[in-house]
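The values are calculated or read from the model by the stated rules, or taken from the named source; none is laboratory data. Note that the structure is a prediction, hence the values are computed from the model and not measured. Cβ coordinates were reconstructed from backbone atoms using ideal geometry, including for glycine residues, and neighbour counts include every protein chain displayed.
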Amino acid sequence: MAMNPMQRKSRNSFLLGMVLTLLITSVIIAMLFLQVTKLKDEADKLEKSYVTAYVLQTDIESGRNITMNDVKQEKISRLMLPTDYITAADLTDTTIAKINLTAGTVLSSSIITESGDEISNDARLQEYNMIVLPTQLEVDDYIDIRWMLPNGQDYIVVSKKRVLDCNEDTIWLKMTEDEILTMSGATVDAYTVTGSKLYAIKYVEPGMQETAVATYVPSNDVISLINSDSNITNVAKQALSARYTEALRRAREQQIQGVIDQYSDSAIDNIEAKLEEEIAKQQEARQLYLEGLDASM
């Protein structure tokens, strides 16, 4: 059947409209697809730009240990992170803060270090109550133990020891066998010389400050005992041997021994009196400790 011109024109307009609609719809769908793809790519990039880092939950003082209990994991934008931020593998049992840190700080390798406080086979928990302690000494502080003579000479006996516990007159330190023997030698020397004292001095920024070089030279008897002690590692013996040079040996003989010889007549009495005082302090502290245990049960 023949179609009149008006019908043909109407049909052609309809078909053209359909084609245009399809084209416009296709363009819109394509644009939406491209936009969704772009948004997905941006979301992926954004996700990749966030990494998991460790953030402190509490304030940590310089030299204090940082444990997993002190930190939490947070996803943080790379743009907000220090380039040397740490991961789980970077936190160990001996990780300490180099400086004072506040809660919310992102941990990075530039503000932490290792304390060198690893447990060796000859490490022991040692108690001392004959050392003059700083007024503001607290647990986890780092100290040098020094011996001062009446003439002003002052020697570092052991250096940068972390205080594991303390009370009014007693501290507990982790000591190696050679350090225990060296401290024993210094204690006897201090007991011999009236007016001398063993005292502790705190580090200001233990996380940043290097370990001081020990300058106290034990007696020949203590050196011989250390060298023959199978409990002491070769590394420790070599370190002590390096300290015990000919020059220091002469210093021991001329300076320390010279002062000690002045008290040769009263040395035994001085040592006995000081040892009795030390034992009495230990017994009193032990009694208080046991009473505290009974009270808590």
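Key figures
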{"read-out": "Test: residue in the stretch 141-151 that is closer than 20 Å to Gly63 by Cβ and among the hydroxyl-bearing types (Ser, Thr, Tyr)", "value": "yes"}
{"read-out": "When residues of the stretch 145-195 are limited to those that are within 16 Å of the chain's Cα centre (by Cα) and touching a residue at least 24 places away in the same chain (Cβ under 8 Å), the one surrounded by the fewest Cβ atoms within 10 Å (Cβ to Cβ)", "value": "Asp165"}
{"read-out": "Criterion: of a type outside the set (A, V, I, L, M, F, W, C) and at pLDDT below 75 - qualifying residue of Asp70, Asp122", "value": "Asp122"}
{"read-out": "Criterion: over 51 Å from the mean Cα position of the chain (by Cα), surrounded by 10 or more Cβ atoms within 10 Å (Cβ to Cβ), modelled with pLDDT under 80 and over 23 Å from Glu114 (Cβ atoms) - qualifying residue of Leu39, Leu46, Leu20", "value": "Leu20"}
{"read-out": "Some residue of the stretch 84-99 being farther than 30 Å from Thr52 by Cα and either aliphatic (A, V, I, L, M) or under 19 Å from the mean Cα position of the chain (by Cα) (or both)", "value": "no"}
{"read-out": "Residues of the stretch 119-148 classified as out of contact with any helix residue (DSSP H, G or I) (no Cβ under 8 Å at 6 or more places or on another chain) and under 24 Å from Ser230 (Cβ atoms), total", "value": "5"}
{"read-out": "Test: Gln136 is within 13 Å of Lys197 (Cβ to Cβ) and out of contact with any Leu (no Cβ under 9 Å at 6 or more places or on another chain)", "value": "no"}
